[in-house]
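Below is one structure, written out as structure tokens, with a few remarks after it.
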Amino acid sequence: MAARRKTFTAWSAVAGIVSAAAFLAAAELVALLVAPQASPLLAVGSFVIDIVPQPLKEFAISTFGENDKIALLVGLGLAVVIASAIAGILEYVRPPLGAVLLVVAGVLSGAAILTRAGAGFLSALPPLAGTIVGVVLILMLGRRLRAWRDGATTAPSESDSGEGAPTAGASRRGFLGMTAIAALASVVVGVGSRVISATTSSIAAVRDAIQLPAVRSTVTVPAGAEADVEGLSPLFTPNADFYRVDTALTVPSIDPSTWSLVIDGMVDQRVELSFDDLVGMGLDEYGITLTCVSNEVGGGLVGNAIWQGVPIRDILAMAGPQAGADMVLSRSVDGYTASTPLDTLTDDNRDAIFAVAMNGEPLPLEHGFPVRMVVPGLYGYVSATKWVTELKVTTFAADEAYWTPRGYAAEAPIKMSSRIDTPRSGTPVTAGTVPIAGMAWAQTTGIQSVEVSIDDGDWQQANLSTPVNADTWVQWWLEWQAEAGTHYVTVRATDKNGQVQIEDRAPIAPDGSSGWQRTLVTVR
Ligand SMILES: Nc1nc2c(c(=O)[nH]1)N[C@H]1C(S)=C(S)[C@@H](COP(=O)(O)O)O[C@H]1N2
Ligand SMILES: [Mo]
């Protein structure tokens, strides 16, 4: 009899754990659908992080290091398992005490969610759905388990085959079947929702809700800044089409309310700013074309946007860089670093910024939300740190950035380039008037002219769109009387200093590709 009681107690604990799993799974699913920020487990975890006293936090960090968050979640998970096992046992011996315990858990997790910054009323739905599912399940499992026990005690001769005691066998199968299905469904739904939510990020909702102050100045887009040629890239690259390059395995999720920017190293005074401090300095708009060092001649790792931000020089000035410093090592929350010459960031004539918005929206998560750097004229890897959180004023002699020991130059200005967008090799065109068009950029200097040569003949001047400023690319186009056959089209640019684009081909490493793009076009 004692052994039998132990078996039923163990099963009641399992029923409690499965009910709690169903609670969490339902909550995760609803959170995924309506309120990504309102995951009960993560809300309680964040709540614990918030309330844990500093010495305990430091103990956790010194004991578990970078795994302190994982340690917290494992600890929380263990607590949930123990508490839910107790709930299951209570529901078995004193119904409906287990269900009451789940309701209490629902209320507490709901409170943890609703007291977090930026929680709307929808945030109450995940813990509510979880509570309903968990309570219904624990009541049903408790009833089935008691039916199994009652059947077993009135028919003590029941064998495993269940032949001699159909009632007891049926209720046993009823309990075990429901437990198994609920457990499986909870794992699939819960883990699935969590994975989808983690990859799409709960910060998306925070970003959607963010209200940035109105900008003080806007970018003036002059008449004639954008030409209408089929196949030509737009002047401004839509965020959805903007190239993305980074080392981040998963996009960092940063809540602006907990984000901070620290300026330290060789400075008179360490400065720390919150997101509100930063945007409170006043936002202005800047048109800047961003380019990746990995962009091949004719490639697409370049894009143009209107950014809203604050000059980096203003924030460096608050810290007061010391004599002898010549580099700023910017660091992302994910550990990525970039080395930027200090004088580039302090130059009054260069709009190096901390950007918080891109083409009229808060920075997209994958483009550095909530704050990134954008520096005209320098390749992204030495300047455009996304999810930036620290600037260390230092020297090139003392510090190295992420890509420096990996075969890329410590300093890397963008090389002037021109690109043919249309026609494309491999896409034949019809004989007659064919537009040839593309983009050209020489950030901080500006493009003076773009020339096109057909079949290595004379250079012909292309039309240029009116530049927005010296930091943005321009469009160029030329009407070509195309005759049937195959033809080489070559393009080159000249900047406002009269410098002609480098003709010699260079690979992307160590400091960017060069060479005139030459494509073979088929005319039919
Ligand atoms: N944190 C972080 N920032 C980063 C990088 C990175 O790997 N991690 N890559 C840089 C590189 S190489 C480029 S070209 C630009 C690309 O910015 P984008 O993805 O917004 O186009 O981001 C820069 N900032
Ligand atoms: Mo890059």
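The values are calculated or read from the model by the stated rules, or taken from the named source; none is laboratory data. Since we're looking at a predicted model, the values are computed, not measured. Cβ sites come from the backbone with ideal geometry, for glycine too, and all protein chains shown count toward neighbours.
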Only residues in segment 252-264 that are in the same structural domain as residue 322 (by TED's automatic domain parsing) count as the first member; pair them with residues that are of a type in the set (Lys, Arg) and part of a loop (DSSP other than H, G, I, E, B), Cβ under 8 angstrom, at least 6 apart or cross-chain, and list the lot. 262/270; 263/270; 264/270
Filtering segment 238-281 down to residues that are loosely packed, with under 15 Cβ neighbours inside 10 Å, away from ligand 1 (no atom under 16 Å from the Cβ) and not polar (S, T, N, Q) yields 268, 270, 272, 276, 277, 280
Yes or no: segment 359-368 includes at least one residue that is within 16 Å of ligand 1 (Cβ to nearest atom), within 26 Å of residue 506 (Cβ to Cβ) and in contact with a strand residue (DSSP E or B) (Cβ under 6 Å, 6 or more places away or on another chain). no
Restricting to segment 142-183, count the residues that are at pLDDT below 80 and within 13 Å of residue 11 (Cβ to Cβ). 1
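With 317, 357, 325, 352 as the choices, which residue is crowded, with 24+ Cβ neighbours inside 10 Å and at pLDDT 95 or above?
Values: 317 fails: crowded, with 24+ Cβ neighbours inside 10 Å; 357 fails: crowded, with 24+ Cβ neighbours inside 10 Å; 325 fails: crowded, with 24+ Cβ neighbours inside 10 Å.
That would be 352, the only listed residue that is crowded, with 24+ Cβ neighbours inside 10 Å and at pLDDT 95 or above.
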Counted residues in segment 330-341 being of a type in the set (A, V, I, L, M) and either at pLDDT below 95 or assigned to a loop (DSSP other than H, G, I, E, B) (or both) come to 1
So residue 440 ticks every box in (1) buried (at least 16 other Cβ atoms within 10 Å of the Cβ); (2) in a loop (DSSP other than H, G, I, E, B) but one. Which box is left unticked? (2)
Residue 452 passes all but one of the listed conditions (1) on the phi < 0 side of the Ramachandran plot; (2) crowded, with 19+ Cβ neighbours inside 10 Å; (3) touching a residue at least 40 places away in the same chain (Cβ under 8 Å); the exception is number (3)
What is the residue count in segment 227-249 for residues that are among the polar types (S, T, N, Q), within 24 Å of residue 427 (Cα to Cα) and within 16 Å of ligand 2 (Cβ to nearest atom)? 1
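Go through the residues of segment 397-419 one by one and say whether even a single one is over 30 Å from residue 320 (Cα atoms), out of contact with any strand residue (DSSP E or B) (no Cβ under 9 Å at 6 or more places or on another chain) and either within 16 Å of ligand 2 (Cβ to nearest atom) or outside any strand (DSSP E or B) (or both).
Applying the first criterion (over 30 Å from residue 320 (Cα atoms)) to segment 397-419 yields 406-407, 415-419.
Now narrow it down to the ones that are out of contact with any strand residue (DSSP E or B) (no Cβ under 9 Å at 6 or more places or on another chain): 406-407.
Next, only the ones that are either within 16 Å of ligand 2 (Cβ to nearest atom) or outside any strand (DSSP E or B) (or both) stay: 406-407.
Yes, segment 397-419 contains at least one residue that is over 30 Å from residue 320 (Cα atoms), out of contact with any strand residue (DSSP E or B) (no Cβ under 9 Å at 6 or more places or on another chain) and either within 16 Å of ligand 2 (Cβ to nearest atom) or outside any strand (DSSP E or B) (or both).
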Please enumerate the residues belonging to segment 375-409 that are at pLDDT 95 or above, away from ligand 1 (no atom under 14 Å from the Cβ) and surrounded by fewer than 19 Cβ atoms within 10 Å (Cβ to Cβ). 395, 396, 397, 398, 399, 400
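Taking the residues in segment 279-314 that are of a type in the set (A, V, I, L, M) and out of contact with any helix residue (DSSP H, G or I) (no Cβ under 8 Å at 6 or more places or on another chain) as candidates, determine which candidate is nearest to ligand 2 (Cβ to nearest atom). Explain how you work it out, then say what you get.
Narrowing segment 279-314 to residues of a type in the set (A, V, I, L, M): 279, 281, 283, 288, 290, 293, 297, 301-302, 305-306, 310, 312.
Subsequent filtering for residues that are out of contact with any helix residue (DSSP H, G or I) (no Cβ under 8 Å at 6 or more places or on another chain) retains 279, 283, 288, 297, 301-302, 306.
Details: 279: 26, 283: 25, 288: 15, 297: 15, 301: 7, 302: 10, 306: 20 Å.
Across segment 279-314, the extreme among qualifying residues is 301.
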Taking the conditions exactly as written (among the aliphatic types (A, V, I, L, M) and touching a Phe, Trp or Tyr at 6+ places or on another chain (Cβ under 7 Å)), does residue 437 satisfy them or not? yes
What single numbered condition from (1) modelled with pLDDT under 95; (2) more than 25 Å from residue 370 (Cα to Cα); (3) among the hydrophobic types (A, V, I, L, M, F, W, C) fails to hold for residue 232? (1)
Tell me which residues, restricted to segment 271-329, are over 22 Å from residue 361 (Cα atoms) and in a strand (DSSP E or B). 271, 272, 321, 327, 328, 329
Would you pick out the residues in segment 220-270 that are under 26 Å from the mean Cα position of the chain (by Cα) and part of a strand (DSSP E or B)? 260, 261, 262, 263, 264
